[in-house]
Amino acid sequence: DLRAAGFTDPVLVAANDGVGTKLRIAIEAGVHNTVGIDLVAMCVNDIVVQGAEPLFFLDYFATGALDVAQGTAIVEGIAEGCRQAGCALLGGETAEMPGMYAGGDYDLAGFAVGAAERGALLPRADIAEGDVLIALASSGVHSNGFSLVRKIVERSGLSWSDPAPFAPGTGLGEALLTPTRIYVKPILSALRAGLDIKALAHITGGGFQDNIPRVLPETLAAHVDLDRLAPPAVFGWLARQGGIAEREMLRTFNCGVGMLLAVAAHDADAVIAHLADAGESATVVGSLRPRTGDPVTFSGILAL
């Protein structure tokens, strides 16, 4: 009941996604209680960038033969992700498919539905030259680029139980399984406070170059000052160990930015302060300029 949920004239927004090959690390490391958070995050973060509130979530869990302990841990993670996003875990499907998945293997898909008041969807039409870009810090690699991550780990000769070179005191598998950050509650709080957020970009597969242009008109380009980014240590290790060039890092990984906001310059300080009060690390990292070439341009050097 959308009226009971507080909406007057709502439009619906939906998203679906998976966790990708990050699941391979969870399976091989035997750690299953965090990938459910990733599953929810990849869906609800895509809903909130529309300016919408996630309302409910459903999951699809497919495996060769159900392992109750494994399945329980996965669903616990999904439930935790829904709590973080403030949405209901309405139901799901568990499929046993012998012959499709080897022993212990599984796959996950998630589906979320949200709503926004009519006329409140993002991006806004008044996004303009001079608006600033505010980055919300990521918790790590999140849920993209893990085929490359796994290849780098394979070449390094490390096992998932070995100490993580970039996270002292933590095993490599555990460190790489750090769940995707869910930005729903702080962003909705800022929007409901009337702060001048004009567009949001969830930095997932394709990195900066593919995700930012989706929310920009063809007349505008995003300029990002790489000197203002503070990538977690995992990205420096991946770049060095894999011999990955800076631009490829920016296209494959979030490099420390999980969400990017386009905000009117006069409201940037208020937005940053509001998000900081909500527990987010927010920093101005660029601005919008007239587009004369590429939709995303860079200056500075990424601290890898």
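The values are calculated or read from the model by the stated rules, or taken from the named source; none is laboratory data. Please read all numbers here as calculations on a predicted model, not as lab measurements. All Cβ positions, glycine included, derive from the backbone under ideal geometry; neighbour counts span all protein chains shown. Accessible surface is based on the protein model in full, side chains and every heavy atom, while ligands, DNA and RNA are left aside. Shrake-Rupley method; radii C 1.70, N 1.55, O 1.52, S 1.80 Å.
The table for this structure:
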quantity	calculated
Size descriptor, Kirkwood hydrodynamic radius, that averages inverse alpha-carbon separations across the range 42-87, Å	11.9 Å
Calculated FRET value between residue 56 and residue 124, using beta carbons and R₀ = 22 Å, to 0.05	0.25
The range 157-304 - Rg over Rh from alpha carbon coordinates, Kirkwood radius	1.00
Most fluctuating residue given options 292, 204, 283, as computed from a GNM of the chain linking Cα atoms under 10 Å	292
For the range 4-10, 3J(HN,Hα) per residue [Karplus equation, 6.51 cos²θ - 1.76 cosθ + 1.60, θ = phi - 60°, Hz, x = Gly/Pro]	5, 7, x, 9, 9, 9, x
Inter-centroid distance (Cα atoms) of the range 121-137 relative to the range 206-229, Å	10 Å
Candidate lysines for bridging to residue 22, where Cα separation is under 21 Å - those fewer than 8 sequence places away on the same chain excluded	151
Cα-based equivalent ellipsoid of the chain: semi-axis lengths in Å, sorted from largest, via gyration tensor	31, 26, 15
Å³ per residue enclosed by the Cα convex hull of the range 1-57	82 Å³
Gap separating the Cα centres of the range 1-60 and the range 240-297, nearest whole Å	22 Å
Alpha-carbon radius of gyration plus Dmax, which is the widest Cα pair, for the range 57-204 in Å	19.4, 56
Accessible surface of the range 20-166 [probe 1.4 Å, protein heavy atoms]: carbon and sulfur percent	54 percent
Among 180, 94, 34, residue whose mean-square fluctuation peaks in a GNM of the chain (springs only between Cα atoms under 10 Å)	94
Computed Rg/Rh of the range 140-179, alpha carbon atoms with Kirkwood Rh	0.93
Two-decimal Rg to Rh for the range 59-119 - Kirkwood Rh, Cα set	1.09
Amide proton proximity set for residue 259, modelled H, under 5 Å, gap of 5+	136, 203
Candidate aspartates and glutamates - alpha carbon under 17 Å from residue 198, same-chain residues fewer than 8 apart omitted	46, 53, 117, 126, 129, 131, 218, 267, 269
Relative frequency of Cα-Cα separations exceeding 14 Å in the range 162-220, percent	71 percent
Projected area, mean over directions - the range 222-291, Cα convex hull, nm²	5.6 nm²
Surface/4 estimate of mean projected area, convex hull on alpha-carbon atoms of the range 1-132, nm²	9.9 nm²
